[in-house]
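Written out below as structure tokens is the structure these notes cover.
Every read-out reported here was derived from the displayed coordinates using simple, explicitly stated rules and does not represent laboratory data. Just so we're clear, the structure is a prediction, and the values are computed from it rather than from any experiment. A quick note on method: Cβ atoms are made from the backbone with ideal geometry, for glycine too, and the neighbour counts reach across all protein chains shown.
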Amino acid sequence: MRAVILDGLVLGLAFGLLGVGMTLVYGLAGVINLAYGQIVVFAAIVISLLMEDGMSTLLAAVLGVLAAAGLSALLDLTLMRPVYREHGEERTLLGLLLTLGAAFVIAGVLTWRYPDGALYIFVDGDPISVIGVPMAVGSLWASAMALVAAVVLLLFFGATTFGRGVRSVIQDEIGARLVGINPSFVRTVIFAVSGALAGVVAIAQSMSGPLTVNAGFELTTFALIVAVVGGLGSVAGAFLAGVLLGVVNALSAHYIGQYITTIILLSAAALTILIRPRGLLGR
Amino acid sequence: MSTVENVGTLPRLGRLGWAFLPVAVAAAVLALLPPIWFGDSPFTTSLAVQALVFASYGVGFNLIFGSTNQLFLCVGALAGVGGYGAGILANETSLPMLAGVVVGTLSAALVGGLLSWIAVRRSLGIIFTGIVTLVFSLGFANLLLGQRDLTGSETGLIVEGVPDRLGDDTVGGYYLFAGLLVAFLIIFRVLQLSHIGWAFRALRDDEVAAELAGVDVARYRIYAATVGSAMIGLTGALLAYSAGFISPATYSFDRVDVRVLVMVAFGGLGTLLGPLIGAGVFAIVDEQLTASLELREVLYGVFVIAIFLFFRRGVVQAIVSLYERVFGAGEPPKPPALQASRE
């Protein structure tokens, strides 16, 4: 039982990061990025290719994160420009459709060029005992990375001027513009941050098992579920929802079965929308 | 709908005749295709049947999304409700094909109506409707995989009790689906011409104004979703019988929903013949690209992006306006609308 819950927490932290990457972009740009899972896969493929070329894991990982951030920012600078000319539902709908198209393009190119592409970062070492449960070193590394990313994000939003600027754009775009914040620059930065998070997710996920080139759609789904349950736009909510759903996932997969587990997670998202559309911590 | 408006001064019979002319032309073309084009090649026939199936899904989707702005991202799942409903009934009992088709259609109509009822009751808006129906699609796919005893999981389900001449690579199968599509087109046009069509146009143009003018928006949304889902379910059920074999992939989100969305958007959202034109064009694209599934995926992605960036009212409409601009006939082009053409 303890082991299952700990596994769930490890998974939940990765879920949380996924959800944050999705929710940030929605909160700031009003776009549900359906290509998000494909950006995770893109990072994984870049890292695996660099490692095949003999680059050290650390350097490859850093470059992979940067590449994902770059791809995400590129999406914002090209495909998303016409989206920002729309407002409200129109904007979200157009963003949804265009990122769906982008997801297909990225997935198609990656599976075409690298049909067997996969990233598996093996971390050496004996299992370490955590509250009496032996945990794989890879899982601990993955969790530590997720936690560090979370703390960095919270500090960024809470303590830096730019982070406060981002929050002001989320609250009131016109007001932010009046005090000299450039919303379109902020949006590009947030897309890049969201892409970098996708890179971190790719690394964290591949430490406990291989991340294959086909995983994109499933990752997008999880990101969407977590973001919806946490409340679209709420960073803390996404983390909380990620951890909660990770634990639920592990418990249910262990005691009930994998198919039912996915249905339980999907139902959690559906019920959230129906009962409390602003999610756990949404405004 | 421009036909109806342009000929508003003609006598009533003529007006109706004009309104149904496109359906008649489509029916004639569909009837003549087999003898003049693919004759008795099973390969080409099955491609054509595939296109007809997608055109039929498209009409249903068009009724739900194009007419009443409900983004149903569960076309595949609704077709699967119909298909698996029919298939499981056929295999577990010895009821005839007709019973399976009826049960499959009614189940899909019920599920679609229920989804719409939920969306309307909780006033979900277009995005949350999309997410809830997407979640339903994925949940349904998992249910199919999990219920191994009933559905055969990934290996699929062989549907028995199929008359040979209705197979999906025979001319009989072709005419079955061609007839189905023409029937759907007639229903679509009848709805457009009736008071229901007026309600659809009113609520699509401005929901609040429609509500204020006394249109029961909720009721018409549920109508559209129920009828559209019945169409999708009926198509899925007939496909299960005609193909004789179904698997979760037959009705999966990426195989069905994305294609339907692209085709309908390509032909023009909310238009009568949009789904048929879209399905026809993409059947040709598919035939050219059978070699590489990945490239096809890339191309579909590019199409989605291009259509929603540049041809929001459909490629057909874009060509018509270009023609009108070049030859100076007709009205000036209107600003693009993302949701459904208002013609």
With no solvent and one point per C-alpha, what does the Debye sum give as log10 I(q)/I(0) for segment B:2-327 at q = 0.11, 0.14 Å⁻¹?
-> -0.70, -1.15
Tilt relative to chain B, helix B:12-33 - C-alpha long axis, 0 to 90 degrees, to 10 | 40
Roughly speaking, what is the centre-to-centre gap between segment B:85-135 and segment A:244-283 when only Cα atoms are used, to the nearest Å?
-> 23
Phi angles of segment B:119-124, converted by Karplus (6.51 cos²θ - 1.76 cosθ + 1.60, θ = phi - 60°) into ³J(HN,Hα) in whole Hz with x for Gly and Pro, give 4, 5, 4, 8, 5, 6
Kirkwood-based shape ratio for chain A, expressed as Rg/Rh from alpha carbons | 0.96
Which whole-number percent gives the relative contact order of segment B:182-328, counting Cα pairs below 8 Å spaced six or more residues apart?
-> 18
Which listed residue (A:GLY158, A:ALA269, A:ALA227) has the Cα farthest towards the positive end of the charge dipole for segment A:2-275, taking +1 on Lys and Arg C-beta and -1 on Asp and Glu C-beta about the Cα centre?
-> A:GLY158
Scalar couplings 3J(HN,Hα) for segment A:93-99 by Karplus 6.51 cos²θ - 1.76 cosθ + 1.60 (θ = phi - 60°), nearest whole Hz, x for Gly and Pro, are 5, 5, x, 4, 5, 5, 6
Sorted from fewest to most neighbouring beta carbons within 10 Å, what does the list A:THR160, A:THR221 look like?
-> A:THR160, A:THR221
Taking max minus min of the Cα coordinates of the protein assembly as shown on each principal axis, largest first, gives extents in Å of 80, 63, 47
For A:MET135, distant residues with modelled amide H under 5 Å away = A:ILE128, A:SER129, A:VAL130
When the Karplus curve 6.51 cos²θ - 1.76 cosθ + 1.60 is applied with θ = phi - 60°, which whole-Hz ³J(HN,Hα) does each residue of segment A:74-89 get, with x for Gly and Pro?
-> 4, 4, 5, 6, 10, 5, 7, 3, x, 5, 5, 6, 8, 10, x, 4
Could you state the angle between the C-alpha long axis of helix B:315-327 and the longest principal axis of the C-alpha atoms of chain B, as a value from 0 to 90 degrees rounded to the nearest 10?
-> 30
For B:ASP216, B:ASP168, order by how many other beta-carbon atoms lie within 10 Å, fewest first = B:ASP216, B:ASP168
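Using Cα-Cα distances under 8 Å and only pairs 6 or more residues apart, what relative contact order does chain B have, in percent?
Worked out over chain B, it gives 29 percent.
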Quick one: helix B:42-61 against the long Cα principal axis of chain B, what's the angle to the nearest 10°, folded into 0 to 90?
-> 60
